[in-house]
Every structure is written in structure tokens, then in C-alpha cells.
Amino acid sequence: MRNNQKRIILFLTILLTACILSGCWDTNESERMVYVQGIGVDYNGLKYTIYIQIVNTSLTAKSEVRGDITSTKVVVGHASGKTLNEAAFNLYASIQRRLFWGHLSFIVFSEQALKKGDIRATIDRFDRYRETRYSLNLYATKEPLSEVLKSVPPLSLAPSLSKLGDPRATYEQRSFIRPLDMREFLIAINEPPHEAIIPYIRLAKNTWETETTNSSPLIEFAGVAALTKNGLKLMAPFKNVKGLRWMNKDFKREELSLTKELSHVSLIVWKIKMKKKPIVKDGQIQFQLSLDVTASLSEIVRPEQLTKIEKESEKLIKAQILATYLEGLKHHVDIFRLSEEAYRKNVKAWKEIEQNGKVPLTKESLQKITVTVKVKQGEKQKLRPTI
């Protein structure tokens, strides 16, 4: 009797173990799938065209033996359709292995697609798909999408470390335009002023050179694009929106070159305390901006009074902020998200004044800009010329 019980227990143990071991029978081997790093979305008036960038994963996890690693970093495929989903399935017709979308890190929209308002269809498509995540970075461009997606980082770096795939790495060194992922985009367009600012990118011309003549151009952040859920409102180059960098809520580091007689002076701004204050007056909302800026002296050729450098820096930052605000007004864009500030700090006044979720802004709405610059150090040297 006891022997029979032992046999039954042993049989059940083996059976349960076999069930556990067979739990992965239908999984796909990682080396047998194709990984999508980024996509581009275009529209030509009749059809959507989707571009996908698939990556060489051997460059992401380099082996010690280099002989089996192909030199190809990325491959770009494209297909068209009446909808984005149809375009994607038309692309499946020529792909050789299953596409895995779990590593998708960015989406680039053409100017035509944004004007059409296709960002809604794209977000809806990828928000519903189980493999994609809310950490997708969003970009706008006027360049051919096939060329943008062919751009790869130099020095045999993994494609995932490109400016599009990992934009926050360079943002730590230069905080011009803050990268925006899909989660932040959805928050921005669903809260006042129902607009979002994403980076406008282009191919850098003759910036970096290698020993090969067929090296691809690199990506650079060239400006900003302002979007609503219905489409594109503004695409501006850096020179028109220089003041936006001083209003980034997670500012890290930026350069400020002074002008006129102080053109030989350059500062590194590394800390900003920024406040937006809405003021209700005569049934209208006006705003005051105040910035406490901390900087270090990065370049100075001849001696100058420190107070003069600080005063000229304050004037320049203030002028750039005002010019950027007026550039937004020309295109009916609340580029500093002042409506959100009024909504959060005085929702009662906001409800009485808002139009389509925004505070109507004029030139007079920005009542006052106060900038205080403090130069605290001269990097390794003192606050005077080295020679």
C-alpha cells in the first residue's frame, strides 16, 4: 500500500514538473524577431505612408567576438495605406520575420502629416497596441522621413543611443528644447491650453566628418512645433524661440553669449528658479514672470565689471523671453502655458475668462518680466581673463 502511494506521489510530481517546463513552448526566440526602433508618419493627401527603422541588435549588446557582427546598423522600410493600420499590414507583406514593437522609442511626424492632424490617428493606433509604451518620444520634421530614419550615431554606437532614441542624454548638456514623450503629450493636450510643444528636428549639414565618404548626416534639434489634437499650429526655428529654453521646468544647462560691446563674454547658465504669477484685474488675467538665474563665467577675453555682465545678461534673457512670447501670439499659441498656470492657481477666474480651454492672450497679458542673474563662479579660474 505504501509503495503504491509513493508511486502515485512520484507520478504526480513528474507530471506537475512537466507542465511547468512546457510553459514556454510557444514563445518566440529573441534572435528570430526583428526589432523596431522608430517610425515615421507621412501623408500625401491621399494615403498614409509609414516608415519603420529596424535595428541591428548585435550593436546593442556587443559580443567579444567581432567577426559575426554585421556592419549594417539600421534598415528602413516603408508602405502606404488608407489608414495607418492598413499601411502597417502592407509592410508586413514584405518583412522576413515577425516585427517586435516593444522596443519602439520614437515617432517622427512629417509637416504634412501634422497639418492633416494625423497625430490623433497615430497616437490612437500605438496607444491601443499592447507592445508599445507611453515613453515614446515625439518629433516633427520637414526632412524626408527615409533620410531621417537612416541617420545613425557615429563611432559604432548602438542605434538606441541616437539623439532620437535617447534625447535626454544631450538635454543634460544643452537644455534648448525639452523632449516630450507620449504620456506628457496626452497630459498637455488634455489640460489648458490644450497645446503641446515637441522638438522640430532636421539633418545636420556638414557638422561632423568621418574618414568614409558615405557617412550619413546626424540629427539636430532645430526648433519647436506647437500642436493641438487637431493639428499643427506653429513650426519655428531656434532663432525665433530662444526664450523658450529659459522657461523649461527641468532646465539643466545652457549657453548665453552676450552682444554688442560684451560680445567677447560667454556664460553657462546652470540653474533657474522660475515663477509664473497670474493676476486678475478688471475681469482680465495678466501674468508676471520672475526668473532667478545662476551662471558661471565660461569665456572672457578682457576685463569687465561683473555687475555690467549680469545686467546685460538680464536684458538679453528678458528680450528673448518677450520675443518668444510674441512669436507664439502670432500663431495663437500659448507657448509658455500661461493658461495652465491660471487654471491651477485661480480656476474660478479662469472659468469666467477662458475660451476653448485657453485664456485669451494679448501683448499686454504679459505684464512684467523680472530677470535676476547672479554669476557665482568662473569655472576653474577666477572671474577675470586667464591671460
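The values are calculated or read from the model by the stated rules, or taken from the named source; none is laboratory data. Everything numeric in this text was worked out from a predicted model, so none of it was measured. Counting neighbours? That spans all protein chains shown, and the Cβs are built from the backbone with ideal geometry, glycine included. Remember, those area values only see protein heavy atoms, side chains included, never the ligands or the DNA or RNA. Shrake-Rupley method; radii C 1.70, N 1.55, O 1.52, S 1.80 Å.
Data overview
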quantity	calculated
Pro199 vs. criteria open to solvent by less than 10 Å² (accessible area, probe 1.4 Å) and either part of a loop (DSSP other than H, G, I, E, B) or aromatic (Phe, Trp, Tyr) (or both)	no
Tally, over segment 269-325, of residues that are in contact with a Leu (Cβ under 7 Å, 6 or more places away or on another chain) and acidic (Asp, Glu)	2
Segment 151-169 - residue that is touching a strand residue (DSSP E or B) at 6+ places or on another chain (Cβ under 9 Å) and small (Gly, Ala, Ser) and, of those, surrounded by the most Cβ atoms within 10 Å (Cβ to Cβ)	Ser162
Residue within segment 244-267 that is assigned to a loop (DSSP other than H, G, I, E, B), modelled with pLDDT of 95 or more, within 20 Å of the chain's Cα centre (by Cα) and surrounded by 16 or more Cβ atoms within 10 Å (Cβ to Cβ) present	no
Index of the failed condition, Leu291 passing every other in (1) more than 30 Å from Val359 (Cβ to Cβ); (2) under 32 Å from the mean Cα position of the chain (by Cα); (3) of a type in the set (A, V, I, L, M)	(1)
Criterion: closer than 27 Å to Val75 by Cα and over 17 Å from the mean Cα position of the chain (by Cα) - qualifying residue of Arg133, Arg120	Arg120
Residue in segment 353-367 that is farthest from the chain's Cα centre (by Cα), counting only those that are loosely packed, with under 12 Cβ neighbours inside 10 Å and in contact (Cβ under 8 Å) with a residue 40 or more places away in the chain	Glu364
Of all residues in segment 137-150 being in contact with a Pro (Cβ under 8 Å, 6 or more places away or on another chain) and farther than 21 Å from Phe100 by Cα, the one that is most open to solvent (accessible area, probe 1.4 Å)	Glu147
Qualifying residue in segment 184-195 (condition: more than 28 Å from Gly243 (Cβ to Cβ), in contact with a Leu (Cβ under 9 Å, 6 or more places away or on another chain) and part of a loop (DSSP other than H, G, I, E, B))	no
Test for Glu172: is it surrounded by fewer than 19 Cβ atoms within 10 Å (Cβ to Cβ), over 30 Å from Glu341 (Cβ atoms) and not basic (Lys, Arg)	no
In segment 325-339, the residues that are in a helix (DSSP H, G or I) and surrounded by fewer than 22 Cβ atoms within 10 Å (Cβ to Cβ)	Leu326, Glu327, Leu329, Lys330
Any hit, segment 323-339, residues being farther than 28 Å from Asn190 by Cβ, out of contact with any Ser or Thr (no Cβ under 7 Å at 6 or more places or on another chain) and either of a type in the set (A, V, I, L, M) or touching a residue at least 24 places away in the same chain (Cβ under 8 Å) (or both)	yes
Within segment 358-387, considering residues that are assigned to a loop (DSSP other than H, G, I, E, B) and at pLDDT below 85, the one nearest to Val333 (Cα to Cα)	Glu379
Scan of segment 100-136 for residues that are open to solvent by 10 Å² or more (accessible area, probe 1.4 Å) and part of a strand (DSSP E or B), ordered by number	Phe100
Selected residue (only one of Ser105, Ser94 is out of contact with any Gly (no Cβ under 6 Å at 6 or more places or on another chain), in contact (Cβ under 8 Å) with a residue 12 or more places away in the chain and small (Gly, Ala, Ser))	Ser94
Single match in Asn90, Asn85 (criterion: open to solvent by 40 Å² or more (accessible area, probe 1.4 Å), closer than 26 Å to Glu184 by Cα, over 21 Å from the mean Cα position of the chain (by Cα) and not small (Gly, Ala, Ser))	Asn85
Residue in segment 301-324 that is among the β-branched types (Val, Ile, Thr), more than 25 Å from Lys380 (Cβ to Cβ), in a loop (DSSP other than H, G, I, E, B) and open to solvent by less than 30 Å² (accessible area, probe 1.4 Å) present	no
Among (1) open to solvent by 20 Å² or more (accessible area, probe 1.4 Å); (2) within 18 Å of Ile335 (Cβ to Cβ) - the single one Glu209 does not satisfy	(2)
Members of segment 287-296 that are open to solvent by 40 Å² or more (accessible area, probe 1.4 Å) and within 14 Å of Thr362 (Cα to Cα)	Gln288
Cross-chain or 6+ apart pairs with Cβ under 8 Å, segment 242-257 first and in contact (Cβ under 8 Å) with a residue 60 or more places away in the chain, then of a type in the set (Asp, Glu) and outside any loop (DSSP other than H, G, I, E, B)	Arg245/Glu254; Trp246/Glu254
